[in-house]
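In what follows, a single structure is set out as structure tokens and then discussed.
The values are calculated or read from the model by the stated rules, or taken from the named source; none is laboratory data. Please read these numbers as outputs of a predicted model, since none were measured by experiment. FYI the Cβ positions are ideal-geometry reconstructions off the backbone, even for glycines, and counts take in every protein chain you see. Ligands, DNA and RNA are stripped out before the accessible areas are found, and what is left, the full protein with its side chains, is counted by its heavy atoms. Shrake-Rupley method; radii C 1.70, N 1.55, O 1.52, S 1.80 Å.
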Number of protein chains: 2
Amino acid sequence: MGRTSDAEQRLIEEATSLWYSRSYADVGVSEICDAAGVRKGSFYHFFPSKRDLALAVLDRHAQTFRERVVERVAAHEGTAMERLDLVGQIGAEFLAETAEATGTVCGCPVGNLAVELSTIDDTLRRRFDAMFRERIAFLRSLLDAAVAEGSLPAGTDTDLVAESLNAYYEGILAMAKTAGDAGLLRRLAPLAIGLVRAPEAAPVSS
Amino acid sequence: MGRTSDAEQRLIEEATSLWYSRSYADVGVSEICDAAGVRKGSFYHFFPSKRDLALAVLDRHAQTFRERVVERVAAHEGTAMERLDLVGQIGAEFLAETAEATGTVCGCPVGNLAVELSTIDDTLRRRFDAMFRERIAFLRSLLDAAVAEGSLPAGTDTDLVAESLNAYYEGILAMAKTAGDAGLLRRLAPLAIGLVRAPEAAPVSS
């Protein structure tokens, strides 16, 4: 059982890394099995299909986001606005580190798969959407805290702003990948405060 | 020659539409030939490879952007800030129209291909990057005009803001595709003014 579980984990890890650095369609089950040192017959014991492996990879990405972003931000002592700022900083660190490790600027692991697959696999699309909803809810909780602390106007539409922040970060990661520019998030993240304080986000601000 | 040229155009049009609604990897040369009513032997007469067809499709997207966005915005009588606002409105119209026509929210035709292919084909990545550079330069020209009209502070880093706007729009289109939400750009575009007026974009504003 120990070895079996290892094989399953290795398949998830290799798929995570290979899909991130290339694309879902470009890396098939055979290549993932080879990289993980797992026979193809065993693959289908763990995952009935490539899509099932994708769902496991997405679970792993969701867990990584909770550990590296949500928990770290929650543990940060400071104001809600500082914690919000930390989200962009963590993202910028992640992008620079993975670019250093892989030699390529790969963007957002979840965003890449979402853009590639959302119109051709509705099961996966719903999973991507749920993951982004979770991120948006997290951003919204920071914005609500900032409103409660008096750093943002009471009328701020924190749901709308959270959606805009999530879209902004995803767009930057996509453009970083396209430009091969690992520093783009660091350069553009500071402007996110403009979305947070956009007058359109608090039309009835007190 | 007339018929030959028609076949080439049909291949470009079918590839444009099929890749946009699904993905580059999901639609191969055979399917594009079938859709266009062109024999596979003829395909390679026009395009030595699938990538060459992709480059022709990207040329078409660049031309479409110039006609539907750049020229329409340039023709708009009004302030630079109004013309800037029009960019988001045109994008929102495009997203809603294509969703209506295809029954699917497909995001950004160029952004989709850029995210899918940038790390696996450097020739295409450079072409995507050049296309986004052209869009950023266009946005910057509107921002520079707004500075000249006195609507934005003289110290505004218009290049940085233009990059942030392009990333923001791309991110919204990616999230619209993921959520299957044709109205997302209409809802989030108004917050773009926050990026334009972000204090971080004009640190030495007069």
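Observations, loosely collected:
- The sole residue among A:21, A:5 that is at negative phi, within 15 Å of the chain's Cα centre (by Cα), small (Gly, Ala, Ser) and outside the structural domain of residue A:127 (by TED's automatic domain parsing) is A:21.
- Among (1) free of Cβ contacts under 8 Å to residues at least 12 places away in the same chain; (2) crowded, with 21+ Cβ neighbours inside 10 Å; (3) more than 10 Å from every other protein chain (Cβ to nearest Cβ), the one test that residue B:143 misses: (1)
- Failed condition for residue A:98, given (1) within 8 Å of another protein chain (Cβ to nearest Cβ); (2) polar (S, T, N, Q); (3) open to solvent by 20 Å² or more (accessible area, probe 1.4 Å): (1)
- When each of A:136, A:120 is tested for being assigned to a helix (DSSP H, G or I), among the β-branched types (Val, Ile, Thr) and in contact with an Asp or Glu (Cβ under 9 Å, 6 or more places away or on another chain), the lone residue that passes is A:136.
- Pair list, Cβ < 7 Å and 6+ apart or interchain, from segment B:86-105 residues that are over 16 Å from residue B:190 (Cβ atoms) and in the same structural domain as residue B:146 (by TED's automatic domain parsing) to residues that are outside any helix (DSSP H, G or I) and of a type outside the set (Phe, Trp, Tyr): B:98/B:106; B:99/B:105; B:99/B:182; B:104/A:119; B:105/B:180; B:105/B:181; B:105/B:182
- Against the conditions (1) modelled with pLDDT of 95 or more; (2) facing chain B (nearest Cβ under 9 Å), residue A:197 satisfies every one except (1).
- Of B:11, B:18, all but one fail to be assigned to a helix (DSSP H, G or I), among the aliphatic types (A, V, I, L, M), more than 18 Å from residue B:128 (Cα to Cα) and open to solvent by 20 Å² or more (accessible area, probe 1.4 Å); the exception is B:18.
- Within segment B:147-187, the residues that satisfy the criterion of being over 30 Å from residue B:102 (Cα atoms), open to solvent by 30 Å² or more (accessible area, probe 1.4 Å) and more than 10 Å from chain A (Cβ to nearest Cβ) are B:147, B:148, B:149, B:150, B:151, B:153, B:154, B:159.
- Which numbered condition residue B:133 fails, given (1) within 10 Å of another protein chain (Cβ to nearest Cβ); (2) buried (at least 20 other Cβ atoms within 10 Å of the Cβ): (2)
- Residue B:66 being away from chain A (no Cβ under 14 Å) and assigned to a helix (DSSP H, G or I): yes
- Count of segment A:104-114 residues which are open to solvent by 10 Å² or more (accessible area, probe 1.4 Å), facing another protein chain (nearest Cβ under 7 Å) and within 21 Å of residue A:88 (Cβ to Cβ): 1
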